[in-house]
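Contents: one structure, followed by commentary.
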Amino acid sequence: MDEEEIEELLQKYYRKDMHYEDGKILGSMYTQPPKIALKAFFKFYQANLGNPGLYRGTAEMEREVIKFLLKLTSGSEDFFGHIVSGGTEANIIALWVAREMGYKRVLATEDAHFSIRKAANLLKLPIKRVEMEKGRMSIEDLKSKIKEEDIIVATVGTTPLGFVDPIEEIGKICQMHNCFLHVDAAFGGYVVPFLRELKYTNKKFGFDIPAVRTITIDPHKMGMAPYPAGGIVSRENIFEKIEIEAPYLIEEKNDSLLGTRQSGSVAAAYAAQLYFGWEGYREIVRKCMENTNYLVKRAKEEELEILQQPEMNIVNLIIKNVEKVKMELYARGWGISINPKYSSLRIVIMPHVTKGIIDEFLAEIKNIKKSYGL
Ligand code: 0PR
């Protein structure tokens, strides 16, 4: 086929996909990266940090991204990290390392991301549920279940509600029992530091809590980077625990889960962080919170019930027959997710979700409710 024909075909399929720039994807933790990040992605598409000896420049950029992640997580610049394919891989690596260190069981809440269950399953680690109180890990229940050699997984920005587990208190309990504390801040890691500066919260979640050993924090969520760009950072060189000899590689070892690693996204994450800088990310969070508050206010005006006051830019609207409403919204071109457990529509207020989109969305819901008599 000639290029023109191929392009036509690609266009046909492109039209079938949804795109962030249309604004109608409301259930995703991702968004459109800045143009310079996409330029970086394509410039470095060949890079493969599975064999970093060939890609010294990309390896240096990875270090710069890790340094930024360490700043977000109150870590020291000489701590360790990798940019990986996403939060799932980061969580698998954290639990894998903990298992290699001799920890034997995972404790997590029901709202911990499903990648934690996947990881436990792959690693043949038993997993026990810790109950929640108002959507956050219950300290009382944790105290009653925790044993030495446990791995505790706490979340900063839970997938369904965007809530923050009480990491400081969890940390104290982990220290008393010599447990391994992994913090999944895949989403909230790029949000909470700025919520603190904007005086929304004073919660800590990072390495300033002594028990925290590893943190997942993803540039491809609120870091505005294109996927695949998850992040795993740690105090110790945990990667030594999973290192494998690979004599045919220039550095003769491999210390991550994947072999070949698409590393164009490392260059892209680096470009995004240069483009926005600390202040730029704070501005993104400020704007997302402004729009979150706008949605809460407008929803109340429309007599829609909010599940709980949002802690970050995720809002849940309680709706009768939520599955049906979801399908109807989907048929009308909206990409929405739900929490069946709470009978709620879950809206992630990413930067592409503007006030105009929020108004349009609420009008659509009003219509649907009317036509179904809900
Ligand atoms: N940890 C947390 C707290 C998460 O919310 C997620 C993903 C992960 C880990 C896993 O990250 P990766 O997906 O990068 O491996 N949460 C998103 C979610 O469930 C994933 C997603 C995004 C699903 C967009 C659908 C979608 O359209 O919302």
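The values are calculated or read from the model by the stated rules, or taken from the named source; none is laboratory data. Every value quoted in this text rests on a predicted model; they were computed, and no experiment measured them. Ideal geometry is used to build each Cβ from the backbone, glycine not excepted, and the neighbour counts take in all protein chains shown. Side chains are part of the model used for accessible areas, which takes the heavy atoms of the whole protein and leaves out ligands, DNA and RNA. Shrake-Rupley method; radii C 1.70, N 1.55, O 1.52, S 1.80 Å.
Under 9 Å between Cβ atoms, at least 6 apart or on separate chains: pull out the pairs that start in region 6-31 with a residue that is open to solvent by 70 Å² or more (accessible area, probe 1.4 Å) and end on any residue that is among the small types (Gly, Ala, Ser) and more than 12 Å from the ligand (Cβ to nearest atom).
Within 9 Å, the pairs are 18/333; 22/333.
Please work out if residue 338 is at pLDDT below 95 and not aromatic (Phe, Trp, Tyr).
no
Taking residue 324, is it over 20 Å from residue 160 (Cβ atoms) and in contact (Cβ under 8 Å) with a residue 24 or more places away in the chain?
Against the criterion (over 20 Å from residue 160 (Cβ atoms) and in contact (Cβ under 8 Å) with a residue 24 or more places away in the chain), residue 324 does not qualify.
Give the residue that is nearest to residue 303 (Cα to Cα), with candidates limited to residues of region 327-359 that are free of Cβ contacts under 8 Å to residues at least 60 places away in the same chain and among the charged types (D, E, K, R).
Applying the filter and picking the extreme gives 328.
Which members of region 124-146 meet the condition of being over 21 Å from residue 185 (Cα atoms) and aliphatic (A, V, I, L, M)?
125, 146
Conditions tested, residue by residue: (1) within 16 Å of the ligand (Cβ to nearest atom); (2) more than 17 Å from residue 216 (Cα to Cα); (3) in a strand (DSSP E or B).
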| position | (1), (2), (3) |
| --- | --- |
| 61 | no, yes, no |
| 69 | yes, no, no |
| 89 | yes, no, no |
| 92 | yes, no, no |
| 102 | no, yes, no |
| 112 | yes, no, no |
| 116 | yes, no, no |
| 128 | no, yes, yes |
| 152 | yes, no, yes |
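Being closer than 23 Å to residue 229 by Cβ, open to solvent by less than 30 Å² (accessible area, probe 1.4 Å) and within 16 Å of the ligand (Cβ to nearest atom) is the requirement here; does residue 162 meet it?
So residue 162 fits the description; yes.
Out of 261, 235, which single residue is among the basic types (Lys, Arg) and modelled with pLDDT of 95 or more?
Just one listed residue meets the conditions, 235.
Just to be sure before I move on: is residue 143 away from the ligand (no atom under 14 Å from the Cβ), open to solvent by 80 Å² or more (accessible area, probe 1.4 Å), modelled with pLDDT of 95 or more and not in a helix (DSSP H, G or I) in the structure I sent?
no
If you take the residues in region 32-56 that are of a type outside the set (A, V, I, L, M, F, W, C) and either within 16 Å of the ligand (Cβ to nearest atom) or under 22 Å from the mean Cα position of the chain (by Cα) (or both), which one is surrounded by the most Cβ atoms within 10 Å (Cβ to Cβ)?
Checking each candidate, the answer is 33.
Scan (1) more than 24 Å from residue 119 (Cα to Cα); (2) touching a helix residue (DSSP H, G or I) at 6+ places or on another chain (Cβ under 6 Å) for the single condition residue 238 breaks and write down its number.
(1)
I'd like to verify a number: residues in region 1-31 that are within 16 Å of the ligand (Cβ to nearest atom) and either at negative phi or in the same structural domain as residue 228 (by TED's automatic domain parsing) (or both), how many?
15
Within the bounds of region 255-272, is there any residue that is surrounded by fewer than 17 Cβ atoms within 10 Å (Cβ to Cβ) and polar (S, T, N, Q)?
Scanning region 255-272 turns up at least one residue that is surrounded by fewer than 17 Cβ atoms within 10 Å (Cβ to Cβ) and polar (S, T, N, Q).
Among the residues of region 95-122, which ones are crowded, with 16+ Cβ neighbours inside 10 Å and of a type in the set (A, V, I, L, M)?
Answer for region 95-122, where residues must be crowded, with 16+ Cβ neighbours inside 10 Å and of a type in the set (A, V, I, L, M): 95, 97, 98, 106, 107, 108, 112, 116, 119, 120.
Can you find even one residue in region 197-218 that is buried (at least 22 other Cβ atoms within 10 Å of the Cβ), away from the ligand (no atom under 16 Å from the Cβ), in a helix (DSSP H, G or I) and not assigned by TED's automatic domain parsing to the domain that holds residue 28?
no
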